[in-house]
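The values are calculated or read from the model by the stated rules, or taken from the named source; none is laboratory data. All figures in this text were calculated on a predicted structure; none of them were measured in a lab. All Cβ positions, even for glycine, are placed from backbone atoms using ideal geometry, and neighbour counts span all protein chains on display. Each accessible area value is taken on the protein alone, full model and side chains, heavy atoms only, with ligands, DNA and RNA left out. Shrake-Rupley method; radii C 1.70, N 1.55, O 1.52, S 1.80 Å.
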Amino acid sequence: MPCREPVPYDEEVPSPPVDPDRLLARALSEPAVALVQAREVLRGRPEPVLASAAHQAAGIVLRHFGAIDEAVRELRTSQRWAIRAGDDKRAADVASSLGVALALAGRSRAALAALDGAVVASSGGIAQGRVLIRRCHVYWLIGHYREGLEDARRAVRLLRNDEELWQARAL
């Protein structure tokens with residue numbers, strides 16, 4: 001059997017394609033890895049949906065690390081890429097992540113405006129359930145417990161059969 005020629009070390013080996021949904025999930029499960037991966041994606045020329053997901057993942061990680069202003073910038077960039085891609089579902093998801101970051105930045109009116117728009121844009125189903133969970137969290141942060149409880153109840157109904165992780169967040 002003939003041997004293959006080795007790949008020289010200075011030659012770049014293409015990395016496997018990045019799945020936007022896995023990148024976003026990794027932002028919560030392995031934030032440091034997700035941030036590195038998002039930065040690697042953004043060094044290339046990703047398609048708009050992947051660029052949006054990479055900026056969103058970076059924004060989520062930065063938000064959790066306490067770099068709120070930087071997170072807001074990443075999430076606003078993510079939203080622009082989602083709009084450029086024409087992906088309304090993605091834009092609504094990013095708007096809800098942005099809403100949480102804005103609330104943590106002390107901008108509750110802007111946070112609720114972003115989240116209210118995301119609830120309308122997500123138009124039911126699992127996507128709307130996820131947005132409602134994020135808005136519930138913001139309501140809780142700003143002391144609007146009744147509104148937060150209403151959102152949690154709506155989210156549980158929307159997520160009842162499909163999304164165990166997100167349903168657990170609602171409860």
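Does Leu141 satisfy the criteria of being over 17 Å from the mean Cα position of the chain (by Cα) and among the aliphatic types (A, V, I, L, M)? Answer is yes for this residue.
I'd like to know if the stretch 53-69 contains one or more residues that are in contact (Cβ under 8 Å) with a residue 24 or more places away in the chain, over 15 Å from the mean Cα position of the chain (by Cα) and not in a helix (DSSP H, G or I). No, the stretch 53-69 has no match at all. Evaluating Ala25 against the criteria (1) open to solvent by 50 Å² or more (accessible area, probe 1.4 Å); (2) among the aliphatic types (A, V, I, L, M); (3) within 24 Å of Ser123 (Cβ to Cβ); (4) at pLDDT 95 or above leaves one unmet condition, (4). For Asp162, the conditions (1) modelled with pLDDT of 95 or more; (2) of a type outside the set (S, T, N, Q); (3) on the phi < 0 side of the Ramachandran plot all hold with the exception of (1).
Looking at the stretch 114-123, is at least one residue open to solvent by less than 60 Å² (accessible area, probe 1.4 Å), among the acidic types (Asp, Glu) and either within 24 Å of Pro48 (Cα to Cα) or in a helix (DSSP H, G or I) (or both)? Give the derivation first.
Taking the stretch 114-123 first, the residues open to solvent by less than 60 Å² (accessible area, probe 1.4 Å) are 114-115, 117-119, 121-122.
Pick out the ones that are also among the acidic types (Asp, Glu) and you get none.
No; the residues of the stretch 114-123 include none that is open to solvent by less than 60 Å² (accessible area, probe 1.4 Å), among the acidic types (Asp, Glu) and either within 24 Å of Pro48 (Cα to Cα) or in a helix (DSSP H, G or I) (or both).
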